[in-house]
Amino acid sequence: MPSQLSWKAKEATVGELAERAGVATSTLRFYEREGLIQSRRTSGNQRRYSRDTLRRVAFIRASQRLGLPLAAIREALALLPEGRTPTRDDWAAVSECWREDLNQRIALLEQLRDHLTDCIGCGCLSLTACALVNPQDRLGDQGPGARQLAQPCGPDPAHGDRSGDACGGQPADDEGSCGGPDDGGSCAGSDSAAVAAVTDGEAV
């Protein structure tokens, strides 16, 4: 089904933006209340969004699927300029802000993909490999959790660190990361490359 939003349009109604972005109109209103996107009001008090808002929404959605908290997303978007369409350099600044965190998340996803059939140091002792890698649950002495997996999100109770901080902001587990209504609150099945794709290339 063709998009309702003409490629020539510089602005979009809430319905047009929602349809092209693949979200509910209530989700856009939620993002706006949270300060993630902005609109102007017509003389009839109707919302109008600049076309580049589509890229912001795509960035927000990809970030949410990674489990990033709204506070971190808001902080990253604050790096973008106001009053003009962000350029490639503007988005590159956002990408650089999260580079280390995204690399950690990619590493964790690769571990889950490649090593979940091995001992992960969680203390289950249910696999043959556990007896070799984690005999008598010795890895539990290092702290809670799966000790053989990277832990990029949130503080590690064993070390009291803040390894999940993004842009010097909030830890990844301190705020509802799956955000708006109608989103189902699910961050499963994500791919860190989605955020990199949104922050790479010229805005349209």
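Miscellaneous remarks
- Exactly one residue among Leu68, Leu54, Leu79 is open to solvent by less than 30 Å² (accessible area, probe 1.4 Å) and of a type in the set (A, V, I, L, M, F, W, C), and that residue is Leu68.
- Taken together, the residues in the stretch 96-119 that are within 30 Å of Ala62 (Cβ to Cβ) and either in contact with a Cys (Cβ under 9 Å, 6 or more places away or on another chain) or charged (D, E, K, R) (or both) amount to 13.
- Of all the residues in the stretch 26-43, those that are buried (at least 16 other Cβ atoms within 10 Å of the Cβ) and free of Cβ contacts under 8 Å to residues at least 60 places away in the same chain number 6.
- Extreme residue, modelled with the lowest pLDDT, among residues of the stretch 4-16 that are assigned to a loop (DSSP other than H, G, I, E, B) and surrounded by 11 or more Cβ atoms within 10 Å (Cβ to Cβ): Gln4
- Some residue of the stretch 132-147 being surrounded by 13 or more Cβ atoms within 10 Å (Cβ to Cβ), in contact with a helix residue (DSSP H, G or I) (Cβ under 6 Å, 6 or more places away or on another chain) and at pLDDT 80 or above: yes
- Qualifying residue in the stretch 17-24 (condition: at pLDDT 90 or above, over 17 Å from the mean Cα position of the chain (by Cα) and open to solvent by 40 Å² or more (accessible area, probe 1.4 Å)): yes
- Single condition Arg99 does not satisfy, out of (1) under 16 Å from Leu36 (Cβ atoms); (2) open to solvent by 10 Å² or more (accessible area, probe 1.4 Å): (1)
- Top-ranked residue of the stretch 107-126 - restricted to ones that are open to solvent by 60 Å² or more (accessible area, probe 1.4 Å) and in contact with a helix residue (DSSP H, G or I) (Cβ under 9 Å, 6 or more places away or on another chain), ranked as nearest to Leu80 (Cα to Cα): Cys122
- Phe59, sole failed condition from (1) crowded, with 19+ Cβ neighbours inside 10 Å; (2) over 28 Å from Arg105 (Cα atoms): (2)
- Taking the stretch 38-52 as the range and being in contact with a Lys or Arg (Cβ under 6 Å, 6 or more places away or on another chain) and either in a strand (DSSP E or B) or not hydroxyl-bearing (Ser, Thr, Tyr) (or both) as the test, the residues that pass are Arg40, Arg48, Arg51.
The values are calculated or read from the model by the stated rules, or taken from the named source; none is laboratory data. What you see is a predicted model, and the numbers here were worked out from it, not measured in a lab. Cβ atoms come from the backbone with ideal geometry, glycine included; neighbour counts cover every protein chain shown. These accessible areas exclude ligands, DNA and RNA; they are computed on the full protein's heavy atoms, side chains included. Shrake-Rupley method; radii C 1.70, N 1.55, O 1.52, S 1.80 Å.
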